[in-house]
Every structure is written in C-alpha cells, then in structure tokens.
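Data block below; observations after.
The values are calculated or read from the model by the stated rules, or taken from the named source; none is laboratory data. Note that this is a predicted model, so its numbers are computed, not measured. Counting neighbours? That spans all protein chains shown, and the Cβs are built from the backbone with ideal geometry, glycine included. We work out accessible area using only protein heavy atoms, side chains counted, and drop any ligands, DNA or RNA first. Shrake-Rupley method; radii C 1.70, N 1.55, O 1.52, S 1.80 Å.
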Amino acid sequence: MNYKEMAELVKGWVEEAGDLLRESLQNTSLKVEEKTNPSDLVTEMDKSIEAFYVEKIRAHFPDHKIYGEEGTYDEINDLDGFIWVIDPIDGTLNYVKQKSNFCSMLALFKDGEGVLAFINDVIHEDVYYSVQGEGVYCNERRLEPIEEHPLKEGLLAINTKMALSEMEEAQQLIDEALGVRLIGSAGLEMVQVLMNRVSAYVTTPLQTWDIAPGYVMAQELGLTFTQRTGEPIDLMKKNAILIANPLAHKEIVKTFIN
Ligand code: 2AM
Ligand code: CA
C-alpha cells in the first residue's frame, strides 16, 4: 500500500472517530476524570477513540509502533521505523465544557519524518490531511501555500499559560500583532495558521501528540515550525513551539533568544 492509499484508508477511520464524537455529545452522563490538574481532563471518549485507532492500526499495520496520549505506548527509544502518534481528542476541556472547538488527530512518522497527518475538526466536519510531498487538503480542497508577511499584518495565537508565565515576551508579541485569538485546542490553533487565518502560534511546552499532525502539515505549506528558540522540534520530548510563515517566524524568534 502506498502513502496515498494509506491516507484514504486512515481518513475513513478519522471520519468515523468524528461521527462517534459528535454522537457522544448527546450523552448527558459522560465520565470525566482529572489527569495532571483540574483543567487537564480525560473522558471515556478519549480512551475509547484511542482504542478505536489502536485496533485499526494493529489490524492493518502490525509491525508499526504507536505513541498515544491515553496510555498506548509501544517501547520507543528512537524514531526508527513507522510510528503512529495519536491524540484522540485535542481540546478535551472544550469537548466537556463547550461541546465544540476540539479535534481528533493522528500522524505517521517514518524514521522521524512525517509522512501522513490528519486533524478532524469534528463539529465543522472538516478533515485536514496531508501526504508527504502532496500538499495539505481540507476535505477535497487543496490548501494554498502560505505567503510571507510580518506579524504586524496578522493575528497571533498564544496559549494562555505562556501569556501568564512569560509576560514580557508575550507582551511584546501581543503589541506587535493586529490582534490575539485563542481556541484552546493546539490542533485547531495550528489549523488556523495552515489556513492563513492566524499568522503565528506560540506556546509553552506541549506534548508530541499535541503538535505532531500540525508539524507534518506545516512543512507541506512552507510554514516554519520549530521550538521558540528556533531550534528544530525534538519529537522525543515536550516542545515549546512557534509556527509561522518564515518572515514572522524570524521576527518572533528574536523575542526568545535576546
Ligand atoms: P489536550 O486537550 O489533548 O490535553 C489547550 O489546553 C491545549 O493544550 C490543548 O491542545 C490541550 O491538549 C493542550 N494541553 C497540553 N497539556 C495540557 C495540560 N496539562 N492541561 C491542559 N491542556 C493541555
Ligand atoms: Ca487529548
């Protein structure tokens, strides 16, 4: 099976996960638990959607490794071979409180290079996906490459923790941008940048599953996606990220290395 054929197959799984998540919003007695703190939640749907993806991956690609947010880890000591990264619900707090503004995400890496990526914006029924070297699609429509522009001509997405914990840097960026917007789902924040609706997204350290598909898709559109210091992303650890068009990226990095 080539990557395009794999993408068609996996797009079907991601769409099915979206159907299950939309149906689950009717469930008035959803089981919700805290993870690391009261804003870091896990629901029975996070677990069951991860289990759904894992079952499909194991059945079709038994020799591939899996790295999932809700506890499905194969032993991964390096990035050799095929590795699937799963975030069954990104923006779980939004899923619970707002019943919108969340997504379901999957990415596939081969020897550390992103080859497939999927972000299902569940409420809008928009599936974003990419195949290495083939661009990024939203459903049937291919996304346009991003044109360079300075931060002062666009919007900034900055995660709340960063705005509160690194006030000096955050203030500089907020002053520079036309305005600030935040959804509360790293995946959907990155979609805004991919769609050229937001010019840059900058964060405190996020987990690999929060960033993996956006990272893969950004490369297809000519966006620059690095750590805030400008260093390359390290998929084996948490990364405080910066995604922007190359010109805005260059401007913003200066804020963090001065
Ligand atoms: P999650 O919903 O998959 O946990 C806003 O909270 C964004 O930051 C979401 O994409 C969320 O992903 C991510 N995030 C990462 N670590 C988090 C944490 N400890 N608490 C809340 N959100 C976290
Ligand atoms: Ca999640």
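So which trypsin sites (Lys or Arg not before Pro) in region 203-240 pass both tests, a DSSP loop state and at most 15 other Cβ atoms within 10 Å of the Cβ?
Within region 203-240, the qualifying trypsin sites (Lys or Arg not before Pro) (loop, at most 15 other Cβ atoms within 10 Å) are K237, K238.
Once label points are set 7 Å from the Cα along Cα→Cβ at both Q207 and R142, what is their separation, rounded to one decimal in nm?
Those two pseudo-labels are separated by 3.5 nm.
How much length would be gained if the chain were fully extended between K110 and D175, taking 0.36 nm per residue of separation minus their Cα-Cα distance, in nm to one decimal?
Full-extension gain reported as 19.4 nm.
Over 29 Å between Cα atoms, which of K4/K56; K35/K254; K161/K254; K35/K161; K47/K254; K56/K99 qualify?
Over 29 Å apart, Cα to Cα: K35/K254; K47/K254.
So between K152 and R197, what do we pick up on full extension, going 0.36 nm a residue minus the alpha carbon distance?
Taking 0.36 nm per residue and subtracting the Cα distance, the gain is 14.8 nm.
Find which of V10, S130, T28 sits farthest along the positive direction of the dipole of region 3-142, computed with +1 on the beta-carbon of Lys and Arg, -1 on that of Asp and Glu, about the Cα centre.
My answer, from the dipole projection, is T28.
Distance in nm between label sites at A59 and S29, each 7 Å beyond Cα in the beta-carbon direction?
Output for this residue pair reads 2.9 nm.
Which value, in Å² rounded to 10, gives the accessible area of Y73 with a 1.4 Å probe and all protein chains present?
We get 120 Å² for Y73.
Need the C-alpha centroid separation for region 189-258 versus region 99-166, integer Å.
Spelled out, the Cα-based centre of one part sits 10 Å from the other.
What nm value, rounded to one decimal, do you get for the distance between M167 and D78 when each label is placed 7 Å out toward the C-beta?
The answer from the label model is 4.6 nm.
For a quick check of understanding: with a 1.4 angstrom probe and all protein chains in place, what accessible area in square angstrom does W209 have, to the nearest ten?
20 Å²
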